[in-house]
1. Which order do the peptides 453-461, 61-69, 313-321 take when ranked by the mean count of other beta-carbon atoms within 10 Å per residue, highest first?
2. If I take every Cα pair under 8 Å that is 6 or more residues apart in segment 418-471, average their sequence separation and divide by the length, what percent do I get for the relative contact order?
3. What nm value, rounded to one decimal, do you get for the distance between residue 254 and residue 419 when each label is placed 7 Å out toward the C-beta?
4. For segment 418-471, just the Cα atoms, rotate onto the principal axes and tell me the three extents in Å, largest first.
5. Name the shape class, rounded, prolate or oblate, that the alpha-carbon gyration tensor gives for segment 183-319, where a ≥ b ≥ c are the square roots of its eigenvalues, rounded holds for a/c under 1.5, and otherwise prolate holds if a/b is larger than b/c and oblate otherwise.
6. Which order do the peptides 333-341, 11-19, 46-54 come out in when sorted by mean C-beta neighbours inside 10 angstrom, highest first?
7. Could you order the peptides 247-258, 267-278 from most to least packed, using the average number of other C-beta atoms within 10 Å per residue?
């Protein structure tokens, strides 16, 4: 025999009560509707209802004051909150008091019935309800995670928000370095200024200085655009040496750049990020040591996702909500699927997880994401895993690096010109190490590389390869 669920509806608008009562009645549910919170509380205390759908503002009480009493009396009863006060605070409050879901008015009837079906179909588990509430809150936060490594990140951010120091953010591709930079800007005293971004891995080397300093005649560049705000330099390790010299002067105040609108030097907070070892680049002559020390006034290390796998459930639920709000199918995820996600290595970090969730939402018709679905997608993404005890090849290392790079891009699509950028990134250390091995003997290096000597000379110049004086 099929169990007939009962839905309790509370709204002081009679038309809303009528519409919802008729919609759920046609779907075969039992419905009771009231226009005040007192009656709703009475029904709940008497054990009625399998689901509550309630407005926030009622004639006698605010539902945010009522919900804690409902949670205390019947902790497993799911509650959907709806409100015309569509603010971030309303949504956050709904999550904090344990609502199963928050629905903004005016709502789409199909969305409301779908939310009700999800609430009634899931086991009435208090922890699951809390997880959903956290996801509703986290989806609106810049950084997500309650693990010990992320708590350390939060503490560091809290100390640096108002300090206005230059900050160096380190971490692998896709770990969330730009999100940390945005949090430092949005929560600090420069929040009303511009947050200007240059991704140095995506800008051709010959255009970096123009992008940063402009070319005159109204093209002022990102440095002037960020005046009064924050200049975020992503992948600072890819900055050419000549641009590094000018950036170092910007930070120490000796750069002559003038904001034409104010007639003064720009006042910016510089935040840089890298997934590379800058000290190793210094040893290779590819990064200025003085710039490193000027950037490394304060440091924030973002842990890779494999070091905080306990955050994966919250991240996954948040990405599911985000995908649904952007028009993809609403889905839930079961516990075995979350365990499979936690067992994966995530070379592309949080960006790779988000892209996986979006792909599943777009490609699968099922409302529930299972471990089978996750396994299929992970296998398709990694069709030929290396043998556990096999050798680590250059090809596998490059593929791992590229997977992280792709995952770090919006929608997983890098900017145009990827082929040349990757070749330049490989050529530079290859030529540098070969010249080091031959003690600067270009004839011998050209022979080892299989290049014409004139070709090697041109590449040294074009790629900005530098060597220490003692090895020339």
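Throughout, read-outs are computed from the coordinates displayed, never taken from laboratory work. Since the model is a prediction, treat every value here as computed from it, not as a measurement. Cβ placement follows ideal geometry from the backbone for every residue including glycine, while neighbour counts extend to all protein chains displayed.
1. Numbers: 453-461: 14.1, 61-69: 16.7, 313-321: 22.0.
Top of the packing list down: 313-321, 61-69, 453-461.
2. RCO, segment 418-471: 38 percent.
3. Label at residue 254, label at residue 419, 4.3 nm between them.
4. Principal-axis extents of the Cα atoms in segment 418-471, largest first: 34, 22, 16 Å.
5. Working: a/c = 2.02, a/b = 1.37, b/c = 1.47.
It is oblate, given that a/c is not under 1.5 and a/b is not larger than b/c.
6. Working: 333-341: 17.3, 11-19: 15.2, 46-54: 19.2.
Sorting 333-341, 11-19, 46-54 by mean packing, highest first, produces 46-54, 333-341, 11-19.
7. Details: 247-258: 15.1, 267-278: 21.8.
Output ranking for 247-258, 267-278: 267-278, 247-258.
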